[in-house]
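The values are calculated or read from the model by the stated rules, or taken from the named source; none is laboratory data. As the structure is a computational prediction, the values presented were derived from the model and not from experiment. Don't worry about glycine lacking a Cβ; one is built from the backbone with ideal geometry, like all the others, and counts go over all protein chains shown. For accessibility, only protein heavy atoms count, side chains too; no ligands or nucleic acids. Shrake-Rupley method; radii C 1.70, N 1.55, O 1.52, S 1.80 Å.
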Amino acid sequence: MNKENHWFERATKFAKQYFSWMLKDNEKTKKKLKKFFPPEYINNLNFTGLDVEPYGILLLSYTGAFLSFLAFFIFDLCIIFSYGSNIGNIDLLTVLLMGSVTFFFPVIVMNLLANYPKTYARYIKIHSLGDIPEILSYLVMYLKLVPNLENSVKFAASESSTSLAGDLRKMLWDMEIRVYHGIDDALTSFATTWGEWSEYFKRALHLIRSSIHEREEASRILTLNRALDVALDGTKETMNKFANKLHQPAMVIYSIGIMIPLALVAMLPAAGLVGMQITIFQVFFMYDIILPLFIFFYTRKILLLRPATFNPPKIPNDHPEIVHINKKRRMTISIIIGILIALPGIFFMLLPIFYPSGSSNSILNFIIDPNGLNTYFPVTLFIIWGFTAAVTSYTLSVYYPYKRVRDNIKQIEREFGDALYILGKRLSEDKSPEESFMYTAHTMEGSQIGKIFSQTGYNLTAMHTTLRDAMFNQEFGSLRYVYSDRIKAIMRLFVEGIKKSQKAVSISIIRIADHLKGLQEIENKIKDTLYSLTSTLRATVTIFAPLIGGITLAITKLITSILGDISGKIPTETASGSNISVPSVATSFSVQNVRPEFFVLVIGIYLIQLIFLMVRFTNGIDEGDDKATYMYSLGKTMPTSIIVFSITVILGQILFSSIVRV
């Protein structure tokens, strides 16, 4: 179950190498380890297969807390410096936010790292349920050809690379060393263990086990089909229950996480009328730290509860279309592109420090003056564009090939069921395998699977190879560039079965073809159900959120200008001679004349964080744990969203600036 070079293992080694001074390996530490890591925790850690020990986990949690505290402490010093190095000038709310984030965030990081093995173990168990349809398919397909339960389990364990197949291999090993009395005892124990997580998987395994004892062929096939129906119906029912529970969390994210915060942006200047001093740092803490943290933990909780159904096909790193991709080099190029695009924004932001307002140079004065260039074009947009360009160029250049390969694999698998049915029908007419493959290829002409079957037929007729070599030979086999475990497993079954009886194997693969079509129908229905729930969030983060954010920023600029004019025109003394106090928007919202383009930067950062979180959430709901699809979707969504945001901000500020002048 262990993933090679897992990030948690690398982080633990890093903590041991550079921060071992934070936790001495002595008797006091051993007492802490016994207190914080009970036997239940150790069992979860062993289940994950992570190559770490409790000492390394505790040290990593301390390291994470220390580094996050150090980062926020440095940021706090920058805030104090912006106030003239006098903490007395900072308002109470900003101080409270600084203190809360600086001290509570490290505690959150420490707890997340310390409890990660428990969370990861639960994640593995839930997502192993997505292996159930594949494992059961292999068991049933083998048993339809050969009614041998032990060999069917060995076949499923060897053909699948999933984590559940790893548990099957462990079960077989335990059976070999006499932990179990036989395959019946082993499979019963396996079904009981996984029955705690999936009742329908337990029922399906019991049906498969009982099918062996059926005397008639028709009854055995009927029982095996029933096992598949139980598994598929259970998968569908589980996902429907999850989808029904997803409506309320989706509304919470949509309203509290996106729409309400963006709508409130326009109301911030009006807070000055009631004497509140809303500073840019308060907005930063609320929008760029607290709100994203809330969305992150809330969506993370939902994704951890998502039952896996059908895992995406795995693409090996030696695939011809991706073996040439150098991720480090492309990341370096992307970062350079991002920095070059962001440089004008950084330059224009630093310019007021070296050239104060009122410079004799008219061009510099136009750039520096808050009512100059930034009235029409916030220069901080360059920074947002730079980050967007870096992310987009990296994700699309690296993960578009992965997406293309994965889509190709899925397309071949969709075509495979029809091709298998035609092949089985042709074989049932007592046609030779080579003639059957060529006929199927001609019938499926124009499809990817048609080309594969055509190559198989050519290898059989022109090269006079065996059926196994025609498909699986490393040099010329028709399946050497097919990266679908499902297709390869079925064709291995076909090769073994045709040696015994062509008539029997033809009937079996026709049934397998029907099973594959049913599997695809269930998969499509589940995806349609989930997509209907996430499409609103996907459209929101792509179009509506940046549109509303850009409009509210322009409205904020308008309200600030209007309230500033009003506060300057209202007399400060009444007819009776008494003074009245009119709060100034300049001091209530602009943080002692903090430039307005900074506010655009803060909201832009919030929008970028929303894109990361919402794309992860919607892809996690639709596709499950599929990093390639997530990164590709991120590369497509982010530039669209930021373009909408930028155009709205620029056009809105130009429009509202002309209104103010009128």
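Points worth noting:
- Within region 60-94, the residues that satisfy the criterion of being over 20 Å from residue 290 (Cα atoms), polar (S, T, N, Q) and part of a helix (DSSP H, G or I) are 61, 63, 82, 89.
- Applying a threshold of 7 Å to beta carbon distances and a minimum spacing of six or more residues, or different chains, the list of pairs starting in region 80-106 at a residue that is free of Cβ contacts under 8 Å to residues at least 24 places away in the same chain and ending at one that is among the charged types (D, E, K, R) is empty.
- Test set (1) closer than 30 Å to residue 200 by Cβ; (2) assigned to a helix (DSSP H, G or I) - residue 312 fails condition number: (2)
- Set side by side, the residues 110, 141, 98 differ, and just one is closer than 26 Å to residue 55 by Cα and crowded, with 18+ Cβ neighbours inside 10 Å, which is 110.
- Complete set of residues in region 449-479 that are surrounded by fewer than 18 Cβ atoms within 10 Å (Cβ to Cβ) and closer than 22 Å to residue 134 by Cβ: 472
- Scanning region 168-209 for residues that are small (Gly, Ala, Ser) and touching a residue at least 40 places away in the same chain (Cβ under 8 Å) yields 198, 204.
- You will find that of 654, 559, 566, 643, the residue that is at pLDDT below 80, part of a helix (DSSP H, G or I), out of contact with any strand residue (DSSP E or B) (no Cβ under 8 Å at 6 or more places or on another chain) and open to solvent by 70 Å² or more (accessible area, probe 1.4 Å) is 566 and no other.
- When residue 98 is tested against (1) over 28 Å from residue 522 (Cα atoms); (2) outside any helix (DSSP H, G or I); (3) not small (Gly, Ala, Ser), exactly one condition is not met: (2).
- Failed item, numbered, when residue 52 is tested on (1) in contact (Cβ under 8 Å) with a residue 60 or more places away in the chain; (2) touching a Ser or Thr at 6+ places or on another chain (Cβ under 8 Å); (3) under 23 Å from residue 104 (Cα atoms): (3)
- The single residue among 269, 261, 292 that is crowded, with 18+ Cβ neighbours inside 10 Å and modelled with pLDDT under 85 turns out to be 269.
- Of all residue pairs spaced 6 or more apart or on separate chains, those with beta-carbon atoms under 8 Å, a first member in region 394-419 that is closer than 21 Å to residue 636 by Cα and a second member that is of a type in the set (Asp, Glu) and open to solvent by 30 Å² or more (accessible area, probe 1.4 Å) are 401/321; 404/321; 405/321.
- Number of residues in region 38-67 that are hydrophobic (A, V, I, L, M, F, W, C) and over 19 Å from residue 13 (Cβ atoms) equals 2.
- Residues (polar (S, T, N, Q) and under 11 Å from residue 117 (Cα atoms)) located in region 32-61: 43, 44, 46, 48
- Extreme residue, farthest from residue 492 (Cα to Cα), among residues of region 427-441 that are surrounded by fewer than 21 Cβ atoms within 10 Å (Cβ to Cβ) and in contact (Cβ under 8 Å) with a residue 40 or more places away in the chain: 430
- Residue 498 meets all of the listed conditions (1) among the aliphatic types (A, V, I, L, M); (2) open to solvent by 20 Å² or more (accessible area, probe 1.4 Å); (3) in contact with a Lys or Arg (Cβ under 8 Å, 6 or more places away or on another chain) but one, namely (3).
- Note on region 599-634: among residues that are open to solvent by 30 Å² or more (accessible area, probe 1.4 Å) and aromatic (Phe, Trp, Tyr), the one that is nearest to residue 542 (Cα to Cα) is 612.
- All conditions but one from (1) surrounded by fewer than 18 Cβ atoms within 10 Å (Cβ to Cβ); (2) closer than 16 Å to residue 281 by Cβ; (3) of a type in the set (A, V, I, L, M, F, W, C) apply to residue 105; the one that does not is (1).
- Among the residues of region 176-187, just one is surrounded by fewer than 20 Cβ atoms within 10 Å (Cβ to Cβ), part of a helix (DSSP H, G or I) and touching a helix residue (DSSP H, G or I) at 6+ places or on another chain (Cβ under 7 Å), namely 184.
- Of the candidates 33, 23, the single residue that is open to solvent by less than 50 Å² (accessible area, probe 1.4 Å) and farther than 21 Å from residue 121 by Cβ is 23.
- Subset of region 42-95 that is more than 18 Å from residue 22 (Cα to Cα) and modelled with pLDDT of 90 or more - its residue that is nearest to the chain's Cα centre (by Cα): 72
- Residue that is nearest to the chain's Cα centre (by Cα), among those in region 313-336 that are surrounded by 11 or more Cβ atoms within 10 Å (Cβ to Cβ) and hydrophobic (A, V, I, L, M, F, W, C): 315
- Of all the numbered requirements in (1) surrounded by fewer than 20 Cβ atoms within 10 Å (Cβ to Cβ); (2) closer than 30 Å to residue 318 by Cα; (3) not basic (Lys, Arg), residue 490 misses one, and that requirement is (1).
- If you filter region 210-236 down to residues that are open to solvent by 40 Å² or more (accessible area, probe 1.4 Å), touching a residue at least 24 places away in the same chain (Cβ under 8 Å) and among the charged types (D, E, K, R), you find that the one that is farthest from residue 141 (Cα to Cα) is 236.
- Test result for residue 215, part of a loop (DSSP other than H, G, I, E, B) and modelled with pLDDT of 80 or more: yes
- Members of region 442-454 found to be touching a helix residue (DSSP H, G or I) at 6+ places or on another chain (Cβ under 7 Å), assigned to a helix (DSSP H, G or I) and under 17 Å from residue 490 (Cβ atoms), listed by number: 448, 449, 450, 453
- Considering residues of region 36-49 that are touching a residue at least 24 places away in the same chain (Cβ under 8 Å) and within 24 Å of residue 128 (Cβ to Cβ) only, the residue most open to solvent (accessible area, probe 1.4 Å): 47
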